[in-house]
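The values are calculated or read from the model by the stated rules, or taken from the named source; none is laboratory data. As the structure is a computational prediction, the values presented were derived from the model and not from experiment. FYI the Cβ positions are ideal-geometry reconstructions off the backbone, even for glycines, and counts take in every protein chain you see. We work out accessible area using only protein heavy atoms, side chains counted, and drop any ligands, DNA or RNA first. Shrake-Rupley method; radii C 1.70, N 1.55, O 1.52, S 1.80 Å.
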Amino acid sequence: MVRMTRRGVLVGVAALVLALAGFGAYLLWPAPTLDAADVDAALPTKRDLPGFIPHDGLTGSLSVPTGNKDGRSVLAGTGLDKQCRKWRKEGDGWACRHLHGAGMVVLERSENVFFRVKSDVLAYDDQDAAKAAWDGLVADNRGKIDKIPAAAEHSSDLGDSGRSFEAPGVTVLAIRVKTVVVEAIIWDGSDQVSEEDEDAMVKKWPTLQLSKIEEQLG
């Protein structure tokens, strides 16, 4: 009886040691995410999309910083804290819980063609936080399309989680890749682009954005 009890104690101690070791490994090697430099590198540029130029005039679920330079912003530290205070006031606090860094970019086909693409890249401390933020992004877009006639929501096979929201002249994709959440927008504001070109960009832009994120995540 004593021998069995000792064995039980030893098994319990061994299990505790393994559990603590696993927890320690989690602390030492957290889920990979993007820091400010990674976010900057993950944002597409005009070199990635020939024929497009930077622009600062398109807003998605999240408002852009007032200092958005050349249609591009990277937020971390105090800059991120300041923008999160603004987002919370605007009712978009879902984006800020455990947010590690953020980046936004807008590109336009040319100055005289109102055909734009936009990405918001949100990097989180862990996958649970990213999943919660993705849920918030989906809910935000779902609430908007409910008010638009002829709008529709579809599943998307992009990333680990994906939804697509379509309305006349605009397609919005909410995508999660590991610890990173993306809102990718394709907007035609003047019907100056053919339906074929618009459909092609709906595929090309999020694919380009995800490839750059995955390159930084490693």
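Here Arg72 meets the list (1) open to solvent by less than 10 Å² (accessible area, probe 1.4 Å); (2) under 12 Å from Lys118 (Cβ atoms) almost entirely, failing just condition (1). Residue-level analysis places Glu90 outside the set of residues that are of a type in the set (Asp, Glu) and either modelled with pLDDT under 90 or farther than 26 Å from Asp35 by Cβ (or both).
Checking every residue in segment 202-217 against the condition of being open to solvent by 20 Å² or more (accessible area, probe 1.4 Å), among the basic types (Lys, Arg), touching a residue at least 24 places away in the same chain (Cβ under 8 Å) and part of a loop (DSSP other than H, G, I, E, B) gives zero matches.
Here the strands (runs of 3 or more DSSP E) wholly within segment 68-178 that include at least 3 residues being hydrophobic (A, V, I, L, M, F, W, C) and under 12 Å from the mean Cα position of the chain (by Cα) are 99-110, 113-124, 170-177.
State yes or no: is Lys131 farther than 15 Å from Ala102 by Cα and free of Cβ contacts under 8 Å to residues at least 24 places away in the same chain? So Lys131 does not fit the description; no.
For Thr179, the requirement of being farther than 17 Å from Leu62 by Cβ, crowded, with 21+ Cβ neighbours inside 10 Å and at pLDDT 95 or above is met.
Of all the criteria given as (1) surrounded by fewer than 24 Cβ atoms within 10 Å (Cβ to Cβ); (2) within 22 Å of Val64 (Cβ to Cβ), the one not satisfied by Glu166 is (2). For segment 121-140, state whether one or more residues are within 15 Å of Ser61 (Cα to Cα) and open to solvent by 50 Å² or more (accessible area, probe 1.4 Å). Scanning segment 121-140, I find at least one residue that is within 15 Å of Ser61 (Cα to Cα) and open to solvent by 50 Å² or more (accessible area, probe 1.4 Å), so the answer is yes. Within segment 153-169, restricting attention to residues that are at pLDDT 95 or above and hydrophobic (A, V, I, L, M, F, W, C), the residue that is nearest to Asp126 (Cα to Cα) is Leu158.
Of all residues in segment 152-178, those that are over 21 Å from Ala95 (Cα atoms) have Cβ atoms under 6 Å from Cβ atoms of residues that are among the acidic types (Asp, Glu), 6 or more apart or on another chain, in Ala152/Glu166; Gly169/Asp188. Answer yes or no: is there a residue in segment 56-65 that is surrounded by 12 or more Cβ atoms within 10 Å (Cβ to Cβ), under 23 Å from the mean Cα position of the chain (by Cα), at pLDDT below 90 and among the hydroxyl-bearing types (Ser, Thr, Tyr). Yes, because at least one residue in segment 56-65 is surrounded by 12 or more Cβ atoms within 10 Å (Cβ to Cβ), under 23 Å from the mean Cα position of the chain (by Cα), at pLDDT below 90 and among the hydroxyl-bearing types (Ser, Thr, Tyr).
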